[in-house]
DNA sequence: TTGAAAGCGCTAACAT
DNA sequence: ATGTTAGCGCTTTCAA
């Protein structure tokens, strides 16, 4: 084994104060209100800081000021780019404002989310970001009782815990249906995993089709996360269940599912989009680089992260927040798969 | 705008103590050493806790005990599954031990990493996870001076800041070369993005080939993150530069790159593996679901996360740490693309 | 411009 | 089994 580094006695503001011949609160001012100090004093302090490599203890500061400088973010999955891309923008903006974010993964499970919220609360975050609007009753109660600002992302609702930023999943699905109709497709199907938002979209998709006199084959929703495997399986099932070849369009719950559909179609020598057309959801990075390039629905995840950050900052600063519902919309990106 | 919820006066251990008719330290004991309390006292305290929904303030506790219960983790990219899959396992294990992790993204930039380490230090994490072994001098100094346990993942080195867990990139690349040779391929190329670890692998790959009397076309390393686009571009360039069709094998810097290579090959009607064979790196989730299934090098990222967690816990607890270098190895997964 | 004093919400001795 | 006391490293009045 290797030698334990003995803890050197920790450097604190008191240490710096002693070195600079001032009192500890003066050192605190050097960091928080440098303008209020005489240049000479500031200089001596900063010299001591440099010599020691001292870094102020935010935790102690947070305790004193009741500002932890910490945020909590809970996403369903940290390996799913759909949810993480947003966190990246959110974190970057927040970091600039002096916040660090604790990222946690709920695994699409409301009970686990509730547990994580409880854990977060112990760190007294100044704000919490939650994915989606479906939380356990207990979770909502804890959140409300804590009085901590909360931003819910990806969905819109009339009764957010605090603020929500997202888009209309139903609207996007209806737009997809209308787009396919206008393109002349006559047979429709969905390929989705068992995910609350995807299911809501598919329902709206089928409804819009029905309103226009068309039926929709609802692919059986597959368990687990969206994956190429699920996409392949979904397409295989659809074909085996008799989806007509020609004038058919498939609405996928994500780009990854669509990718799976395309791979399976190729393996079965079914040509896309001539024989079967495909639409994805999400417009992930490589949607444009597939062959054929994937037609999909773009959600501006950066905007989502940014608006979420802005909304949360406003709530933390107790500014007037005019809208508790922020709609970032969606766009259909036409490429060649449909 | 909507009504600001007025902050109710915060519930603390003192509040609970008053309600339960005990002193505040007794409430502390109820959480940290419940066995030392009489069942009746414990009961009264817990009742008050339930009534108020009180959650102990870990930050204050951390200040008092010098145990922040916080960890910092810095990865190059939070949207790249390669780096995040590990964090997920790591976080889950650490959470069970009562730690929360602050996740940060360095963007493959040592200077940014240095900044993030400095920011982390302000939160007095009990341990830090770093990706890779290349850090700025200043960064290493800060780390060592802080005395905080550090685990470096993905690479092995004889001189880690503290502990490292990874595997031999050179060894993996040489194994790939030998594997291709044994399969009878005669023309070799690499397809990589401009990434330190990928470049090291490619060098070792070419060297092993040379040692066996074969040349290797080094695909020009593409800028940016690995993507399907880069993979397509790399393959296109290789073909245009005259890579022979037949008995050729391409060593990719990641599975995503390999996926791009396969897509571009298909678009050019080049059959894999008959005309050109492809090997990926990483064995990501859908490697097996591609068509053809991708032959690749598996790195057990869960093991990486787990061993990293274990090593860090050992260091935090100041246990004897016999090995500062933990090799988790790699395996070649034979599927059909090579 | 700086110092003195108090206190943030806990944990950890040490008493009893 | 519980209370008393101190103190973690800061920020924030209030004085001077």
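Tabulated data
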read-out: Selection within region A:29-43 - more than 7 Å from DNA strand C (Cβ to nearest atom) and either outside any helix (DSSP H, G or I) or surrounded by fewer than 17 Cβ atoms within 10 Å (Cβ to Cβ) (or both); value: A:31, A:32, A:33, A:34, A:35, A:39, A:43
read-out: Residue tally, condition part of a loop (DSSP other than H, G, I, E, B) and more than 16 Å from DNA strand C (Cβ to nearest atom), over region A:63-84; value: 5
read-out: Filtered residue count, region A:239-259, keeping only those that are touching a residue at least 40 places away in the same chain (Cβ under 8 Å) and crowded, with 24+ Cβ neighbours inside 10 Å; value: 9
read-out: Qualifying positions in region A:7-32 - more than 22 Å from residue B:145 (Cα to Cα) and more than 8 Å from DNA strand D (Cβ to nearest atom); value: A:21, A:22, A:23, A:26, A:30
read-out: Some residue of region B:184-192 being within 30 Å of residue A:12 (Cα to Cα), touching a helix residue (DSSP H, G or I) at 6+ places or on another chain (Cβ under 9 Å) and touching a residue at least 12 places away in the same chain (Cβ under 8 Å); value: no
read-out: Complete set of residues in region A:52-103 that are more than 8 Å from chain B (Cβ to nearest Cβ), in contact with a strand residue (DSSP E or B) (Cβ under 6 Å, 6 or more places away or on another chain) and within 16 Å of DNA strand D (Cβ to nearest atom); value: A:99
read-out: Positions within region B:26-60 being farther than 23 Å from residue A:138 by Cα and without any contact (Cβ under 8 Å) to a residue 12 or more places away in the chain, in sequence order; value: B:29, B:32, B:33, B:34, B:35, B:36, B:37, B:38, B:39, B:40, B:59, B:60
read-out: Condition check for residue A:111: part of a loop (DSSP other than H, G, I, E, B), more than 11 Å from chain B (Cβ to nearest Cβ) and either more than 16 Å from DNA strand C (Cβ to nearest atom) or in contact with a strand residue (DSSP E or B) (Cβ under 6 Å, 6 or more places away or on another chain) (or both); value: no
read-out: Residue within region A:12-25 that is outside any helix (DSSP H, G or I), surrounded by 14 or more Cβ atoms within 10 Å (Cβ to Cβ), more than 8 Å from DNA strand C (Cβ to nearest atom) and at pLDDT 95 or above present; value: yes
read-out: Filter result (outside any loop (DSSP other than H, G, I, E, B) and surrounded by fewer than 22 Cβ atoms within 10 Å (Cβ to Cβ)) within region A:85-100; value: A:85, A:88, A:89, A:92, A:93, A:95, A:96
read-out: Unique match (being within 16 Å of DNA strand D (Cβ to nearest atom), in a loop (DSSP other than H, G, I, E, B) and either modelled with pLDDT of 95 or more or touching a strand residue (DSSP E or B) at 6+ places or on another chain (Cβ under 6 Å) (or both)) among B:135, B:123; value: B:123
read-out: The lone exception for residue B:297 - which of (1) modelled with pLDDT under 95; (2) buried (at least 18 other Cβ atoms within 10 Å of the Cβ) it fails; value: (1)
read-out: Condition check for residue B:41: within 22 Å of the chain's Cα centre (by Cα), farther than 29 Å from residue A:82 by Cβ and not assigned by TED's automatic domain parsing to the domain that holds residue B:223; value: no
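The values are calculated or read from the model by the stated rules, or taken from the named source; none is laboratory data. This is a predicted model, so every value here is computed, not measured. A quick note on method: Cβ atoms are made from the backbone with ideal geometry, for glycine too, and the neighbour counts reach across all protein chains shown.
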